[in-house]
Amino acid sequence: MDFRAIGMGLAFAFMWSSAFTSARMIVADAPPLTSLALRFLLSGCIGVGIALALGQSWRLTRGQWRATIIFGICQNALYLGLNFVAMQTIEASLASIVASTMPLIVALAGWLIFRERLRPLGIAGLVAGLIGVVIIMGARINGGVDLFGLALTGIGALALAYATLTVRSASSGGNLLMIVGLQMLVGAVLLALAAATFEQWQVTWSQRLVGAFIYTTLVPGLAATWVWFKLVSRIGAVRAATFHFLNPFFGVAIAALLLGEKLGVMDVVGVVIIALGILAVQMSRQVVTPAPPVAPRLS
């Protein structure tokens, strides 16, 4: 792995993790589904516009169209939609921790469902990740966390794990930025329908809201997705997914710094254990399955 790939991986992990803090700022003053639909509409239009200017084509392969639609539904509409709704009642740090377990979910599915071989190191990583989750969830539940919001983030993580199964067909065959833009437009349409059904337009305008919306639209929304696919094309999905072990650290650190969210001792212990579990799983899969059918991805 070269220095450029390392830089891209660090940038992606930071951008993806920061999305939870900016989302928390948005949903404090605006309806979550409507805000997210507008974000995807803007990000998608910008992405498609830049792609057309670069000479990229709407003519995707069948596999790319399938991946684009599944990403739009599972990653954008379900995963992010459920997380935006959940962060009305739970903290950004907790949402980022739950989402960070996605690589563990993918690895577990690959082992149990797709019969992928997993070395003892990988099994130990799965067990460690589970222990870390139990530690954090136990502390948060005893502290009175909203269980409905917590359940929404869990469902979102499952949807994101399923979406990662399509990443290989999306990152091959060119037209990368076009794919990024189109899958955001798919999410925008679905979220707009949900927002029209379940939400009312009530916004408390502030500089923080506008800044958070612009940041979320351009950085986690567009730049992070593009960087991820470029990283996957450069070093492969399995090696790229190793950077996921940084997400719990970045997620809680950014939320603590910008939102003042407090972390207990059990939270810190759980985050460290989850991060080590993710790292162990990815290292194990790199050794045993250099070209696996399941390719972890994060947003």
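The values are calculated or read from the model by the stated rules, or taken from the named source; none is laboratory data. Computed from a predicted structure; not experimentally measured. Ideal geometry is used to build each Cβ from the backbone, glycine not excepted, and the neighbour counts take in all protein chains shown.
Mind checking which residues of the stretch 181-226 are modelled with pLDDT of 90 or more, closer than 19 Å to S17 by Cα and of a type in the set (V, I, T)? Passing the criteria: I214, T216, T217, V219. Of the residues making up the stretch 66-78, none is surrounded by fewer than 24 Cβ atoms within 10 Å (Cβ to Cβ), under 17 Å from T225 (Cα atoms) and of a type in the set (F, W, Y).
Scanning the stretch 1-29 for residues that are touching a Gly at 6+ places or on another chain (Cβ under 9 Å) and assigned to a loop (DSSP other than H, G, I, E, B) yields one hit, M1. Considering the stretch 26-56, and only residues there that are closer than 17 Å to F229 by Cα and small (G, A, S), the residue that is surrounded by the fewest Cβ atoms within 10 Å (Cβ to Cβ) turns out to be A51.
Residues are listed down the side, and each one gets a yes or a no for (1) in contact with a Gly (Cβ under 7 Å, 6 or more places away or on another chain); (2) among the hydrophobic types (A, V, I, L, M, F, W, C):
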{"position": "P31", "(1), (2)": "no, no"}
{"position": "T61", "(1), (2)": "yes, no"}
{"position": "I73", "(1), (2)": "no, yes"}
{"position": "F84", "(1), (2)": "no, yes"}
{"position": "A124", "(1), (2)": "no, yes"}
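Scanning the stretch 145-166 for residues that are at pLDDT below 90 and among the small types (G, A, S), we see that the one that is surrounded by the fewest Cβ atoms within 10 Å (Cβ to Cβ) is A161.
Just so you know, in the stretch 108-144 the residues that are at pLDDT below 85 and touching a Phe, Trp or Tyr at 6+ places or on another chain (Cβ under 9 Å) include one that is farthest from T89 (Cα to Cα), and it is R117. Scanning the stretch 81-101 for residues that are assigned to a helix (DSSP H, G or I), under 11 Å from T153 (Cβ atoms) and of a type outside the set (S, T, Y) yields L82, N83, F84, V85, A86, A92, L94, A95, I97, V98, A99.
Under the condition of being under 12 Å from L38 (Cα atoms) and surrounded by 22 or more Cβ atoms within 10 Å (Cβ to Cβ), the residues counted in the stretch 189-212 number 1. In the stretch 52-65, is there at least one residue being of a type in the set (V, I, T) and assigned to a helix (DSSP H, G or I)? Looking for residues that are of a type in the set (V, I, T) and assigned to a helix (DSSP H, G or I), one finds none in the stretch 52-65, hence no. When L60 is tested against (1) at pLDDT 95 or above; (2) surrounded by fewer than 22 Cβ atoms within 10 Å (Cβ to Cβ), exactly one condition is not met: (1). Do you know which of the residues in the stretch 265-299 that are touching a helix residue (DSSP H, G or I) at 6+ places or on another chain (Cβ under 6 Å), farther than 28 Å from I73 by Cα and modelled with pLDDT under 85 is surrounded by the fewest Cβ atoms within 10 Å (Cβ to Cβ)? If we take residues in the stretch 265-299 being touching a helix residue (DSSP H, G or I) at 6+ places or on another chain (Cβ under 6 Å), farther than 28 Å from I73 by Cα and modelled with pLDDT under 85, then Q286 is surrounded by the fewest Cβ atoms within 10 Å (Cβ to Cβ). The condition of being hydrophobic (A, V, I, L, M, F, W, C) and in contact (Cβ under 8 Å) with a residue 60 or more places away in the chain holds for only one of A53, A77, that being A77. Within the stretch 135-148, being closer than 29 Å to M283 by Cα and under 21 Å from the mean Cα position of the chain (by Cα) holds for I136, M137. Kindly establish whether R239 is surrounded by 18 or more Cβ atoms within 10 Å (Cβ to Cβ) and among the basic types (K, R). Yes.
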